[in-house]
């Protein structure tokens, strides 16, 4: 999908990629992530007609090789899939065309784009969903209590992209030894809000 949620995700990843602390590096230094956005009409590219203003902006910021086609084409050779779309959209056969041991964030609710068991069987290294009854739940509830706490405590009037990135880093830092089944803490982890709040200043 290319709605509000995944658009915000893409923009934040692009902003993070410009920072010295970014882990997306190669021999030449920082590497801009090659993000390809897909909506119900297929891959968003610069020659596509009748794009909304928001999607036209995305076309300029993403898809550096100007790929065209559908989701199957978009994930071919990809390292990561991030979905905030609809159930069952990502097929096991598509995962098999991705890079070896890809990361799959299938966050459609209440049913993900692919169930974790299917994704793992197809070769995924790590799978996250938006569901509380499955490991690696990705939910905005991980972040916003701590962000609000920090904003109130430190009288921060505007939440910036840098605050969001700092919150994400704080969340990640709470899992010292990540495993396939635990790359992030649960939303009930009492350390979350205080750790994030310290970064909102």
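Stokes-Einstein diffusion coefficient for the chain at 25 °C in a medium of 0.890 mPa s, Rh from the Kirkwood formula over Cα pairs: what value in µm²/s?
Values: Rh = 18.0 Å.
Taking Rh from Cα pairs, D becomes 136 µm²/s.
Given the -39500 (n - 2.57) contribution per DSSP H run of 4+ residues, what per-residue ellipticity at 222 nm results for the chain, rounded to the nearest 500 deg cm²/dmol? Spell out each step's value before the answer.
Numbers: 8 runs with 66 residues, N = 201.
It lands at -9000 deg cm²/dmol.
Mind ordering 105-114, 49-58 by average Cβ neighbours within 10 Å, highest first?
Numbers: 105-114: 20.6, 49-58: 12.3.
Averaged packing, sorted descending, gives the order 105-114, 49-58.
Give the shape of the range 51-118 as rounded, prolate or oblate, defined through the alpha-carbon gyration tensor: a ≥ b ≥ c are the square roots of its eigenvalues, a/c under 1.5 means rounded, and otherwise the shape is prolate if a/b is larger than b/c and oblate if not. If you can, show how the numbers build up before the last one.
Numbers: a/c = 2.35, a/b = 1.40, b/c = 1.68.
In terms of gyration-tensor shape, oblate.
Suppose each label sits 7 Å from its Cα in the direction of the beta carbon; what would the residue 99-residue 8 distance come out to in nanometres?
Label at residue 99, label at residue 8, 2.7 nm between them.
Roughly what % of DSSP beta bridges within the chain run antiparallel, to the nearest 5?
35 percent
Coordinate-derived values only; no laboratory data. All values reported here derive from a predicted model rather than from experimental measurement. Note that we place each Cβ from the backbone using ideal geometry, even for glycine, and neighbour counts take in every protein chain shown.
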